[in-house]
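**Student:** Pasting a structure below so you can have a look.
The values are calculated or read from the model by the stated rules, or taken from the named source; none is laboratory data. Bear in mind the structure is a predicted one, so any value in this text is a computation, not a measurement. Every residue, glycine among them, receives a Cβ derived from its backbone with ideal geometry; neighbour counts consider all protein chains shown. Ligands, DNA and RNA are stripped out before the accessible areas are found, and what is left, the full protein with its side chains, is counted by its heavy atoms. Shrake-Rupley method; radii C 1.70, N 1.55, O 1.52, S 1.80 Å.
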Amino acid sequence: MHLAELLADAMRRHHLSAEALAYATRIRTPRIRAFIEDGTEGPVRPTPEEVTELATALALPLHEVLQVSQERCAVTAAGR
């Protein structure tokens, strides 16, 4: 599962918009939208701190979110 899918699913379950998640995490709304659209494969990539904040705010298992975000970063970096 992509980070984008994981975030979008969790946001739907919690009935949160990107703006509400931005308020809860203090991550800017445009960055959250980029994470939802592109996950770790786009030009805007989440930092480990942002991933931790998102997992906490969405009540997701941190190890799962970190694993998904790291796997995608490794695949993207290997393709360069």
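**Student:** If I ask for residues that are open to solvent by 30 Å² or more (accessible area, probe 1.4 Å), modelled with pLDDT of 95 or more and part of a helix (DSSP H, G or I), which ones from the range 1-17 would you list?
**Tutor:** The initial filter retains those residues of the range 1-17 that are open to solvent by 30 Å² or more (accessible area, probe 1.4 Å), namely 1-2, 5, 9, 12-17.
Checking the rest, the ones that are also modelled with pLDDT of 95 or more come to 9, 12-17.
ASP9, ARG12, ARG13, HIS14, listed by residue number.
**Student:** For the range 37-49, which positions are open to solvent by less than 70 Å² (accessible area, probe 1.4 Å) and touching a helix residue (DSSP H, G or I) at 6+ places or on another chain (Cβ under 7 Å)? If you could, list the steps in order and put the result at the bottom.
**Tutor:** Step one: filter the range 37-49 for residues open to solvent by less than 70 Å² (accessible area, probe 1.4 Å), giving 38-40, 42, 44, 46-47.
The answer is ASP38, GLY39, THR40, GLY42, VAL44, PRO46.
**Student:** Of the residues ALA20, ALA34, ALA55, which is part of a helix (DSSP H, G or I) and open to solvent by 20 Å² or more (accessible area, probe 1.4 Å)? Outline the logic, then answer.
**Tutor:** Working: ALA34 fails: open to solvent by 20 Å² or more (accessible area, probe 1.4 Å); ALA55 fails: open to solvent by 20 Å² or more (accessible area, probe 1.4 Å).
Going through ALA20, ALA34, ALA55 in turn, the sole match is ALA20.
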